[in-house]
1. Quick one: in the stretch 70-95, which of the residues that are more than 30 Å from Tyr16 (Cβ to Cβ) and not hydrophobic (A, V, I, L, M, F, W, C) is most open to solvent (accessible area, probe 1.4 Å)?
2. Regarding the stretch 96-103, can at least one residue be identified that is open to solvent by less than 100 Å² (accessible area, probe 1.4 Å), touching a Gly at 6+ places or on another chain (Cβ under 6 Å), touching a residue at least 24 places away in the same chain (Cβ under 8 Å) and farther than 25 Å from Met1 by Cα?
3. Need the failing condition index for Arg67 against (1) in contact (Cβ under 8 Å) with a residue 40 or more places away in the chain; (2) in contact with a helix residue (DSSP H, G or I) (Cβ under 6 Å, 6 or more places away or on another chain); (3) open to solvent by 60 Å² or more (accessible area, probe 1.4 Å), just the number.
4. Mind counting the residues in the stretch 12-39 that are open to solvent by less than 30 Å² (accessible area, probe 1.4 Å) and either in contact (Cβ under 8 Å) with a residue 12 or more places away in the chain or of a type in the set (D, E, K, R) (or both)?
5. Which one of these does Phe8 not meet: (1) under 19 Å from Gly96 (Cα atoms); (2) in contact with a strand residue (DSSP E or B) (Cβ under 8 Å, 6 or more places away or on another chain); (3) in contact (Cβ under 8 Å) with a residue 12 or more places away in the chain?
Amino acid sequence: MKTVNLLFSGGRTSAYLVENTLLLWSLGYFPDTRFVITYANTSREHEKTLEFINKCSWRWRRLYGHRVVWLEAVVHDGRSPCSHKAVNYYTACRDGEVFEAVTAKYGLPNGNFLHCTRELKE
């Protein structure tokens with residue numbers, strides 16, 4: 001059995017793509033495939049976005065047996081890259097602390113320094 005990671009941004013288009021992938025899976029289009037749906041919380045999302053992600057997670061668990069794994073970056077001192085920890089709707093950081101820690105270490109992300117995606121989402 002192969003494992004495929006479905007990255008869920010928390011937006012409607014991303015939810016649509018995950019939903020349709022799971023629907024096709026339920027119809028037998030991806031035999032011997034296990035999906036892991038992940039959402040990377042940057043701690044700067046609107047509360048309504050977090051509520052939507054939580055509703056999607058419950059829906060996908062009920063209909064397809066898959067849930068969303070919530071992740072957050074953990075910043076380390078020195079030259080060590082960020083690791084991550086699992087959180088959920090109730091324990092997810094909402095005060096910007098995760099984003100602030102990344103920008104304190106790496107600076108503000110921009111077109112030349114793509115560490116926001118690298119450290120917070122990948």
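The values are calculated or read from the model by the stated rules, or taken from the named source; none is laboratory data. Because the structure is predicted, anything quoted here is derived from the model rather than measured. Ideal geometry is used to build each Cβ from the backbone, glycine not excepted, and the neighbour counts take in all protein chains shown. Quick note on the areas: whole protein, heavy atoms, side chains included, nothing else; ligands and nucleic acids left out. Shrake-Rupley method; radii C 1.70, N 1.55, O 1.52, S 1.80 Å.
1. Initial filter on the stretch 70-95 (more than 30 Å from Tyr16 (Cβ to Cβ)): 74-81, 83.
After this cut, where a residue has to be not hydrophobic (A, V, I, L, M, F, W, C) as well, the list is 76-81, 83.
Working: His76: 66, Asp77: 145, Gly78: 58, Arg79: 234, Ser80: 54, Pro81: 87, Ser83: 49 Å².
Result: Arg79.
2. no
3. (1)
4. The number of residues fulfilling the criteria is 8.
5. Every condition holds for Phe8 apart from (1).
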